[in-house]
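Read-outs throughout are calculated quantities, based only on the coordinates presented, and are distinct from any laboratory measurement. Keep in mind it's a predicted model, so treat the numbers as computed, not measured. Positions of Cβ are backbone-derived with ideal geometry, glycine not excepted, and every protein chain shown enters the neighbour counts.
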Amino acid sequence: MLLGGLLGATLVRLAPGFGVDEEELDSRLSKQSIQAMRASHGYDDRLGVFYLDYLNRLAHGDLGTSRTLDRPVAQLVAERFPETLESVGLGLALGWTLGFALAIAVVMSRAWYLDLFSSLLAGILLCLPAAVMALLFVVVQAPVRLLLGLVVFPKVFRYSRNLLARSADLPHVLTARAKGLGNLRVLLWHILPTAGPQLLALAGVSVSVAFTAAIPMEALCDIPGIGQLAWKAALGRDVALLINLTMIVTLVTMVANSFSDFLGKSSRTAA
């Protein structure tokens, strides 16, 4: 987590134009005024000193102050993070409901036309970047919170369909069908338990996908969440804000993946 945040801050600091403010382009300013303006930003060119100072403040619970918004980073995150969590939660719920339900329908019905339609729909959505879909939602004035669901849906559908189809072709499932068991019982007692660990791993990955798509969605649709905050921080080269946002996204991703791995191992051990 620390490595992700520090590397992100390093890329910002090494980017062209770092430490230069738009106000410096004013031709009426003297060299002394420009130097004083740069000194007021408080940047230290020595990366080691910068990171040691940041880690020292982090150990004391101080996330720093945003240069662009002139507010404590902890306060900004506390205000914006619940908005992003709500968007991501709704997106995951919608994406999994549509994707998993459609995957079950395709595998259990074995209808080629349903499989063809679902695959084409998922392929089209996969080809559209999240930023393009956000712009389309703005143009047609559609509910923007549905966007994350459409981003998560194709990935959930494709992987879950493949997992369920592979489990449905196992010998014990074919034996259960041959004995005349109904589709619902075959699904609940023979297919889902086999595909369960992989589906849990997919759940962890889908959290990362949703958080990644939330950044352009919130920035383009003007939703006051972490994504919009990260966009403003990137435009203003606000290192104090960017380093903490990067670590927050990294932490959420690591926790989601670790939790899904833990559940997957537990289910395999129980089986």
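What is the fewest-to-most order of HIS190, HIS60, HIS172 by other Cβ atoms lying within 10 Å of their Cβ?
Numbers: HIS190 19, HIS60 6, HIS172 11.
Listed from fewest to most nearby Cβ atoms, that is HIS60, HIS172, HIS190.
Along its three principal directions, the equivalent ellipsoid of the chain from the Cα gyration tensor extends over semi-axes of 47, 21, 13 Å, largest first.
The angle between the Cα long axis of helix 31-41 and the main principal axis of the chain comes to about 40°, on a 0 to 90 degree scale.
Residues considered: THR246, THR68, THR175. Largest GNM mean-square fluctuation over the chain, using C-alpha springs under 10 Å, is found at THR175. Positive end of the dipole of the chain (Cβ unit charges, origin at the Cα centre): among HIS172, LEU11, ALA233, the Cα lying farthest that way belongs to HIS172. Compared with the dominant principal axis of the Cα atoms in the chain, helix 112-127 is inclined by about 10°. Quick one: net charge around VAL186, please, counting Lys, Arg +1 and Asp, Glu -1 for every other residue with C-beta under 15 Å from its C-beta. Net charge around VAL186: +4.
Along the axis of the charge dipole computed for the chain (Cβ charges of +1 for Lys and Arg, -1 for Asp and Glu, origin at the Cα centre), the listed residues THR212, LEU92, ALA201 are led at the positive end by ALA201. Of ARG177, ARG145, ARG161, the sequence from fewest to most neighbouring Cβ atoms within 10 angstrom is ARG177, ARG145, ARG161.
Where nothing but the Cβ of Lys and Arg (+1) and of Asp and Glu (-1) is charged, how large is the charge dipole of the chain around its Cα centre, in debye to the nearest 20?
Working: 22 positive and 19 negative charges, 264 e Å.
Computed charge dipole of the chain: roughly 1260 debye.
Would you calculate, for the chain, the mean residue ellipticity at 222 nm contributed by helices, counting each DSSP H stretch of 4 or more residues as -39,500 (n - 2.57) and dividing by all residues, to the nearest 500?
Working: 12 runs with 208 residues, N = 271.
-26000 deg cm²/dmol, from helical runs alone.
Using a/c under 1.5 as the rounded threshold, could you call the range 131-271 rounded, prolate or oblate? The axes a ≥ b ≥ c are square roots of the C-alpha gyration tensor eigenvalues, and prolate needs a/b larger than b/c, oblate otherwise. Oblate is the answer for the range 131-271, as a/c is 1.5 or above yet b/c matches or exceeds a/b. By the rule of a C-alpha distance below 25 Å, with chain neighbours fewer than 8 residues away ignored, the lysines paired with LYS265 are LYS155. Relative to the longest principal axis of the C-alpha atoms of the chain, give the angle of the C-alpha long axis of helix 239-270, reported between 0 and 90° and rounded to the nearest 10°. Taking the Cα atoms of the chain, the angle to 239-270 is about 20 degrees. Global dimensions of the range 191-256 from alpha-carbon coordinates: Rg and Dmax equal 15.1, 51 Å. Largest GNM mean-square fluctuation among VAL156, VAL186, VAL107, using the chain with Cα springs under 10 Å: VAL186.
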